[in-house]
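The values are calculated or read from the model by the stated rules, or taken from the named source; none is laboratory data. The structure displayed is predicted, hence computed values, not measured ones. Methodologically, a virtual Cβ is constructed for each residue, glycine included, from the backbone with ideal geometry; neighbour enumeration extends over all protein chains shown. Heavy atoms of the whole protein, side chains included, go into the accessibility calculation; ligands, DNA and RNA do not. Shrake-Rupley method; radii C 1.70, N 1.55, O 1.52, S 1.80 Å.
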Amino acid sequence: MTATARTFRRPARLRTALLALPIAATALLGGLASPAEAATANATATAQRPLTCQGQGIDPTAKLHYQTQIFIKAPLSVVWRTHTDVAAWPKWQSAVSGMKPLTPGPMRPGSQFRWTTPAPATASTPATTLVITSTVQDVRPGQCTRWMGPAIGDGLRIDRGTHVWNFIKVPGGVIVRTEESWTGAQIEADPATAIRYLAPGLDQWLADLKAASEARVCQH
């Protein structure tokens with residue numbers, strides 16, 4: 001999904017200290033860490049830098065945003081194909097209840113897809129199903145994607161979500177990093193509640209991507 005209830009970014013000094021821990025641990029192992037572990041530690045050290053694709057990132061004015069990452073033990077080609085085949089998302093993404101690609105062919109700038117995800121009730125909104133229409137803004141094959149669009153349900157609206165993905169090939173697999181921002185008067189009025197859904201949602205998305213990609217490798 002790295003977040004606080006107000007700004008959703010740790011103070012720079014604390015963030016630097018926390019991100020240094022994996023590297024320090026690797027050094028204490030006296031070189032016993034595997035190449036994948038070392039690469040993951042190095043990527044983690046830069047994880048809080050804003051993610052971009054073709055030089056563009058999340059909405060810089062957004063008050064609500066979250067960044068996270070995961071290591072996937074699978075070839076980059078498998079991870080990329082799993083990520084960009086949006087029609088198949090409902091088969092492996094636990095939070096995606098429906099998907100309709102609106103643009104034929106591979107993912108590219110201008111591609112659109114409409115998908116649905118359940119949203120539980122909160123103190124201020126009813127349980128609903130969000131309908132999200134995403135428009136791809138930037139794609140660099142094998143490296144990054146960026147899309148944005150509104151999410152609308154009964155009694156709940158996110159005016160614009162902007163979602164950036166980075167893929168870094170490392171020994172033994174791929175580090176996938178993602179960052180998303182939400183804007184809109186409704187969710188900005190209650191950011192503490194909104195982040196409780198944005199953050200775990202992105203973490204689960206990565207966990208599902210990892211499981212699906214690694215399962216594809218085992219099947220071959």
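Tabulated data
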quantity	calculated
Index of the failed condition, Ala88 passing every other in (1) at pLDDT 50 or above; (2) open to solvent by less than 80 Å² (accessible area, probe 1.4 Å); (3) part of a loop (DSSP other than H, G, I, E, B)	(3)
Total residues in region 177-212, condition more than 16 Å from Thr122 (Cβ to Cβ), under 14 Å from the mean Cα position of the chain (by Cα) and assigned to a helix (DSSP H, G or I)	9
Filter pass, Pro104 being over 18 Å from Ile195 (Cα atoms), part of a loop (DSSP other than H, G, I, E, B), open to solvent by 60 Å² or more (accessible area, probe 1.4 Å) and in contact with an Asp or Glu (Cβ under 8 Å, 6 or more places away or on another chain)	no
Subset of region 108-122 [open to solvent by 30 Å² or more (accessible area, probe 1.4 Å) and either in a loop (DSSP other than H, G, I, E, B) or touching a His at 6+ places or on another chain (Cβ under 6 Å) (or both)]	Arg108, Pro109, Gly110, Pro120, Ala121, Thr122
Residue in region 71-81 that is open to solvent by 30 Å² or more (accessible area, probe 1.4 Å) and modelled with pLDDT under 95 present	no
